[in-house]
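The values are calculated or read from the model by the stated rules, or taken from the named source; none is laboratory data. Since the structure is predicted, the reported quantities are computational estimates derived from the model, not experimental observations. Counting neighbours? That spans all protein chains shown, and the Cβs are built from the backbone with ideal geometry, glycine included.
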Amino acid sequence: MERFTKTRVRYADTDQMGCVHHAKYFEYFEIGRTEYMRQAGCSYADMEKMGYFLMLVDVHATYRKAVGYDTEITIKTRVGELVKTQVTFLYCVEDEEGSVLCEGWTKLACTNEDGKLRRIPEEIREVLKGDEQ
């Protein structure tokens, strides 16, 4: 299931050329991932209270179009691969006209608070799967 999060480009997100700095897209991915979980019914805080943590292990971004300050952007987030101990989130960041600004993914491993790998529990797997998987 794809979930949507809207936000605005802050002045602090832009570089000397007035465009969103490339590193900010990783923050937008985090916003999308966090809101995906919240909208699905299990926030990161809830998951951590249960003793499960999602640790970033890989990230990728492809930049398509520059955008500047105060533009409303939509972060589209969905789950890609979901295996025993890992989940991959897929992202598409678009501007107000629906033009793709950046696409990417993050791979996260499920761990305990000490960083040891854990199998993603069934109740969290159901949240991640959403309605369509």
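Against the numbered list (1) within 30 Å of Thr85 (Cβ to Cβ); (2) of a type outside the set (Val, Ile, Thr); (3) in contact with a strand residue (DSSP E or B) (Cβ under 6 Å, 6 or more places away or on another chain), Glu27 comes up short only at (3). Considering Leu54, Leu82, which residue is among the hydrophobic types (A, V, I, L, M, F, W, C), touching a strand residue (DSSP E or B) at 6+ places or on another chain (Cβ under 7 Å) and within 25 Å of Lys116 (Cβ to Cβ)? That would be Leu54, the only listed residue that is among the hydrophobic types (A, V, I, L, M, F, W, C), touching a strand residue (DSSP E or B) at 6+ places or on another chain (Cβ under 7 Å) and within 25 Å of Lys116 (Cβ to Cβ).
Return the only residue of Tyr91, Tyr44 being modelled with pLDDT of 95 or more and either surrounded by 15 or more Cβ atoms within 10 Å (Cβ to Cβ) or among the β-branched types (Val, Ile, Thr) (or both). Spell out the reasoning first.
Working: Tyr44 fails: modelled with pLDDT of 95 or more.
Tyr91 is the lone residue from the list that is modelled with pLDDT of 95 or more and either surrounded by 15 or more Cβ atoms within 10 Å (Cβ to Cβ) or among the β-branched types (Val, Ile, Thr) (or both).
Residue under question is Met37, and the condition is that it be surrounded by fewer than 17 Cβ atoms within 10 Å (Cβ to Cβ) and not basic (Lys, Arg); does it hold?
Details: surrounded by fewer than 17 Cβ atoms within 10 Å (Cβ to Cβ): no; not basic (Lys, Arg): yes.
No.
With respect to (1) over 21 Å from Gly115 (Cβ atoms); (2) of a type in the set (A, V, I, L, M, F, W, C); (3) surrounded by 12 or more Cβ atoms within 10 Å (Cβ to Cβ); (4) at pLDDT 95 or above, the lone exception for Phe26 is condition (1).
Being of a type in the set (Val, Ile, Thr) and modelled with pLDDT of 95 or more is a property that does not hold for Val127.
Would you confirm, using the coordinates I've provided, whether Val20 is over 23 Å from Gly130 (Cα atoms) and in contact with a Gly (Cβ under 8 Å, 6 or more places away or on another chain)?
Details: over 23 Å from Gly130 (Cα atoms): yes; in contact with a Gly (Cβ under 8 Å, 6 or more places away or on another chain): yes.
The answer is yes for Val20.
Among residues belonging to the stretch 102-133 that are among the acidic types (Asp, Glu) and in contact (Cβ under 8 Å) with a residue 24 or more places away in the chain, point out the one that is farthest from Glu48 (Cα to Cα). Talk me through it step by step, then tell me what you get.
Step one: filter the stretch 102-133 for residues among the acidic types (Asp, Glu), giving 103, 113-114, 122-123, 126, 131-132.
Going one step further and asking which of them are in contact (Cβ under 8 Å) with a residue 24 or more places away in the chain, we end up with 103, 113, 123, 131-132.
On the way: Glu103: 28, Glu113: 8, Glu123: 13, Asp131: 23, Glu132: 25 Å.
Looking at residues that are among the acidic types (Asp, Glu) and in contact (Cβ under 8 Å) with a residue 24 or more places away in the chain, I get Glu103.
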